[in-house]
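**Student:** Submitted below is the structure of interest, expressed as structure tokens.
The values are calculated or read from the model by the stated rules, or taken from the named source; none is laboratory data. This structure is a prediction, so every number in the text was calculated from the model and none was measured. Note that each Cβ is placed from the backbone with ideal geometry, even for glycine, and that neighbours are counted across all protein chains shown. Quick note on the areas: whole protein, heavy atoms, side chains included, nothing else; ligands and nucleic acids left out. Shrake-Rupley method; radii C 1.70, N 1.55, O 1.52, S 1.80 Å.
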Amino acid sequence: MRMEMKIDAVSCPELATHPHALGLPQQRKKRKVIVVGDSFLRGTEGPICRPDPSHREVSCLPGARIKDIQKNLPTLVRPSDYYPLLVFQVGGDEVATSSPRAMKRDFRALGRLVKGSGAQVVFSSIPPLAGIEEGINRKSQQINSWLRGWCNRQNFGFLDHGMIYRTPGLLATGGASLTQSGRRILGQELAGLIERALN
């Protein structure tokens with residue numbers, strides 16, 4: 001069974017007349033791609049990093065909220081490296097407990113941090129999950145709809161997971177984490193995104 005994810009066009013903001021919020025160098029040094037996110041990324045490192053292990057990194061921060069990613073990002077990127085692509089998979093760990101208003105505020109703050117860095121920036125959707133209360137999934141869909149439009153206005157890419165993780169066998173018991181098959185699919189889809197964005 002072949003599963004597809006949809007991605008809106010990934011665009012690269014023009015190198016900037018405004019300051020580099022992350023302090024990423026304009027000189028092309030060691031080229032690195034970083035995928036940063038919450039516990040949904042756990043176990044995806046193999047498919048993502050295997051094609052180019054010295055230039056790809058997955059930073060999984062279990063339980064991280066959007067504002068935690070924003071707070072930790074300056075310590076995750078090294079000023080000595082060049083980051084042509086930053087991918088964020090975040091929001092799933094807090095969708096049940098945070099208000100849409102707070103999450104949107106935190107996404108905007110993270111966007112301001114990476115805007116003008118010279119990197120292509122992609123935000124992934126919060127996947128609706130099987131076995132999770134439908135009210136939470138509706139909130140995920142509401143935030144994703146806003147996130148898609150906001151990414152478009154900010155010239156960020158948006159990766160839409162669609163309903164893929166509601167497929168039987170991709171979620172562990174309880175529905176809060178991925179099975180080995182689910183992790184493999186997420187890793188392969190993010191690795192494909194990286195290949196498309198860099199080529």
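**Student:** From the list Ala64, Ala96, exactly one residue is touching a residue at least 12 places away in the same chain (Cβ under 8 Å), within 15 Å of Phe40 (Cα to Cα), loosely packed, with under 15 Cβ neighbours inside 10 Å and out of contact with any Leu (no Cβ under 6 Å at 6 or more places or on another chain). Which is it?
**Tutor:** Details: Ala64 fails: loosely packed, with under 15 Cβ neighbours inside 10 Å.
Checking each option against the conditions leaves just Ala96.
**Student:** Are there any pairs, at least 6 apart or on different chains, whose C-beta atoms fall under 6 Å, with the first in region 151-165 and closer than 14 Å to Gln141 by Cα and the second open to solvent by 20 Å² or more (accessible area, probe 1.4 Å) and of a type in the set (A, V, I, L, M), and if so, which?
**Tutor:** Listed pairs, sorted by first residue: Leu159/Ile7; His161/Met5; Ile164/Met3; Tyr165/Leu129.
**Student:** Going through region 51-84 one residue at a time, which ones are farther than 16 Å from Gly118 by Cβ and of a type in the set (Lys, Arg)? Break it down stepwise before answering.
**Tutor:** In the first step, residues of region 51-84 are kept if they are farther than 16 Å from Gly118 by Cβ; the result is 51-72, 75-76.
Once the filter is applied, which keeps residues that are farther than 16 Å from Gly118 by Cβ and of a type in the set (Lys, Arg), region 51-84 yields Arg56, Arg65, Lys67, Lys71.
Every residue, every condition in (1) open to solvent by less than 10 Å² (accessible area, probe 1.4 Å); (2) more than 15 Å from the chain's Cα centre (by Cα), yes or no:
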| position | (1), (2) |
| --- | --- |
| Gln70 | no, no |
| Ser80 | no, yes |
| Leu110 | yes, no |
| Ala119 | yes, no |
| Gly149 | no, yes |
| His161 | yes, no |
| Ile164 | no, yes |
| Leu171 | no, yes |
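**Student:** While we're on this one: Output the qualifying pairs, or none if there are none: Cβ atoms under 8 angstrom, residues six or more apart or on different chains, first residue in region 187-199 and open to solvent by 20 Å² or more (accessible area, probe 1.4 Å), second residue assigned to a helix (DSSP H, G or I) and modelled with pLDDT of 90 or more.
**Tutor:** Filtered contacts from region 187-199: Gln188/Pro47.
**Student:** Would you check which residues across region 129-147 are under 20 Å from Arg101 (Cβ atoms) and either open to solvent by less than 80 Å² (accessible area, probe 1.4 Å) or modelled with pLDDT of 90 or more (or both) and list them?
**Tutor:** Answer for region 129-147, where residues must be under 20 Å from Arg101 (Cβ atoms) and either open to solvent by less than 80 Å² (accessible area, probe 1.4 Å) or modelled with pLDDT of 90 or more (or both): Gly135, Ile136, Asn137, Lys139, Ser140, Gln141, Gln142, Ile143, Asn144, Ser145, Trp146, Leu147.
**Student:** Right, Ala21: surrounded by fewer than 17 Cβ atoms within 10 Å (Cβ to Cβ) and at pLDDT below 90 or not?
**Tutor:** Values: surrounded by fewer than 17 Cβ atoms within 10 Å (Cβ to Cβ): yes; at pLDDT below 90: yes.
Judged against the criteria, Ala21 is a match.
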